[in-house]
Amino acid sequence: MRSIILSVILVTVIQIHAQVLPAISVSEVIRIEKTLSADNMQGRQVFTPGIEKAAAFIVKEFKEAGLKPMPGSSDFRQSFVMLTPDSIEATASMDGVHLEKNEIVAFTPDSNLVITEEDHYRKVFVKKGDDLMSIIFKYLVGAENLLIFVDTSFEKKFSWLAGFHMSQFEASGNRIFILSAADPQHYRIQINQKIKKQNLSNLAGMIPGKSKPDEYVIFSAHYDHLGIGKPDAAGDSIYNGANDDASGTTAVLTLAKYFGKRRDNQRTLIFAAFTAEEIGEFGSAYFSERLDPGKIMAMINIEMIGTQSKWGKNSAYITGYDKTDMGSILQKNLKNSRFVFHPDPYPEQMLFLRSDNATLAKKGVPAHTISTSKMDSEKYYHTPGDEMKTLDMANMTEIIRAIGLSAGSIISGKDTPLRVQPE
């Protein structure tokens, strides 16, 4: 009898161990991370040969994982055109009062634009005491035409916005920021600018769900970084982005191969590598416009998981933890593990709105970012020192395993996280 009990206990322990540690190897994680963060990728900056080389590698990995292209696509590339202003001139008058150039900031894909009250743009008012940066992030991208009136108490921050020359989608709406507390009845705004067109590509593939093919679970990360820039003290000028975000992209590719072998997902799995995160999250914004948000049950975005979190090994945090119950679902599925998902410890940095989960979260999707980055003390963040040798590859592998295991009940359709409520 005792031997039978011991056998049962042993089998249970083995089953738990196998469940907690899926077949994701450290060597495979190292192989992918090493490739993406190598010097020959030249820092994966948008519009450079380096990011094209990274894209070719990711496409190859998606093919080997057995993923299918997204509906309507013949390959894994989701290409789009970005419009970058080379120069811009803006003039405006409101109820007969002329505005100075530094009181107008325009984000528009049009070379020449004239706006009057007859165009019926929706007005947004940023009042004294409002969270200006949060509002800016909310309205920087989108298809809606907006006039955003910013209270004059934000004059210093408005000057920062004026110096922020941002690229636009070809089909973007016009967002005009005006430093004024007034609500004009009559106005005329004229924008003239030179525009440069450039091509970008997200990379995305899928594993169709068995019983719930029209319900999606997304695993994502951004594969772009800062490229080649100012040398550090050692003369290194390549910003490899090993942690930011080759680590997240490595996780996406590793999970794609893992679930590609299992093929037991009831919901459709989408694996996405976004471009242009470092210049304004444009890749994820474009991707988000191509899917019905009502069909997306969850999005797990993965950003900078190569270093240990503030709690040490076997831990990570989830941005916007309190926005849905997805964090508690993920943690419930790790009850036999030592791994812990914590709420975001850096709420003042608004990370929930600063990564590639943001656009879908604004549409109500339970979309969160998993990270370990110590945002108050990450030594190599946005420096040439962000190289693979600074990462804890064994711990990073455990994080990827934990993400794959914790998402199990969502992938199977057993659990569905609550939606993000509009603010």
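How much of the DSSP beta bridge set in segment 85-196 is antiparallel, as a percent to the nearest 5? In segment 85-196, DSSP labels about 70 percent of beta bridges as antiparallel.
According to the square roots a ≥ b ≥ c of the eigenvalues of the Cα gyration tensor, what is the shape class of the chain, taking rounded for a/c under 1.5, prolate for a/b larger than b/c otherwise, and oblate for the remainder? Judged from the Cα gyration tensor, the chain comes out prolate (a/c at least 1.5, a/b above b/c). Working from Cα pairs under 8 Å separated by at least six residues, relative contact order for segment 85-196 is 50 percent. Among 40-50, 152-162, 392-402, 246-256, sorting by the average number of other beta carbon atoms lying within 10 angstrom of each residue, highest first, gives 246-256, 392-402, 40-50, 152-162. With 31 Å as the limit, the listed pairs LYS34/LYS68; LYS34/LYS156; LYS123/LYS374 have LYS34/LYS156; LYS123/LYS374 beyond it between alpha carbons.
By its C-alpha gyration tensor, with a ≥ b ≥ c as the square roots of the eigenvalues, how is segment 85-196 shaped: rounded for a/c under 1.5, else prolate for a/b larger than b/c, else oblate? Note, shape of segment 85-196 comes out rounded.
Among beta bridges from DSSP that stay inside the chain, the antiparallel ones total about 60%. Evaluate E = 1/(1 + (r/R0)^6) for ARG262 and LYS68, where r is the Cβ-Cβ distance and R0 equals 22 Å; express this FRET efficiency to the nearest 0.05. The value I calculate is 0.90. Residues MET304, MET350, MET206, arranged from fewest to most other Cβ atoms within 10 angstrom of their Cβ, appear as MET350, MET206, MET304. Applying 0.36 nm per residue to the separation of VAL340 and LYS414 and subtracting their alpha-carbon distance, the gain on full extension is 24.5 nm. Summarising the label geometry, the points placed 7 Å from Cα in the beta-carbon direction at SER134 and HIS186 lie 3.8 nm from one another. With 22 Å as the limit, the listed pairs LYS295/LYS363; LYS60/LYS261; LYS53/LYS379 have LYS53/LYS379 beyond it between alpha carbons.
The DSSP beta bridges internal to segment 284-423 are antiparallel in roughly 25% of cases. Once C-alpha pairs closer than 8 Å and six or more residues apart are averaged by separation and normalised to the residue number of the chain, the relative contact order reads 20 percent.
Values in this text are rule-based calculations from the coordinates and carry no lab data. Fair warning: this is a prediction, and the values are worked out from it, not measured in the lab. Neighbour counts run over all protein chains shown; Cβ positions are idealised from the backbone, glycine included.
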